[in-house]
Amino acid sequence: MYSNSKGLDQQTGETCIICDKKKATGIHLYTSFICVECENDIKNTDTADEKYQFYLNKLRRVKNPPLYS
């Protein structure tokens, strides 16, 4: 399920919307990319942790692609 289908390597990866670093593997949410490391951090962060709010704010950057009919 991790993105690397475009033949991306470490130098050319995609920019993660959470850490803003270029990474080669991760997931896509609509048109946004989240690296494996940030995905794991998000999954393992308790809702009472102050980092939880940081992740929520970053995830607000995820945009739905427009639907064309």
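Those residues that are part of a loop (DSSP other than H, G, I, E, B) and within 9 Å of the chain's Cα centre (by Cα), I need them from the stretch 21-67; list them, please.
Hit for the stretch 21-67 is VAL62, nothing else.
Under the condition of being open to solvent by 40 Å² or more (accessible area, probe 1.4 Å) and of a type in the set (Phe, Trp, Tyr), which residue from the stretch 4-58 is modelled with the lowest pLDDT?
TYR30
The values are calculated or read from the model by the stated rules, or taken from the named source; none is laboratory data. These figures come from a predicted structure and were not determined experimentally. For the accessible areas, the whole protein counts, side chains as well, though only heavy atoms, and no ligand, DNA or RNA atoms are used. Shrake-Rupley method; radii C 1.70, N 1.55, O 1.52, S 1.80 Å.
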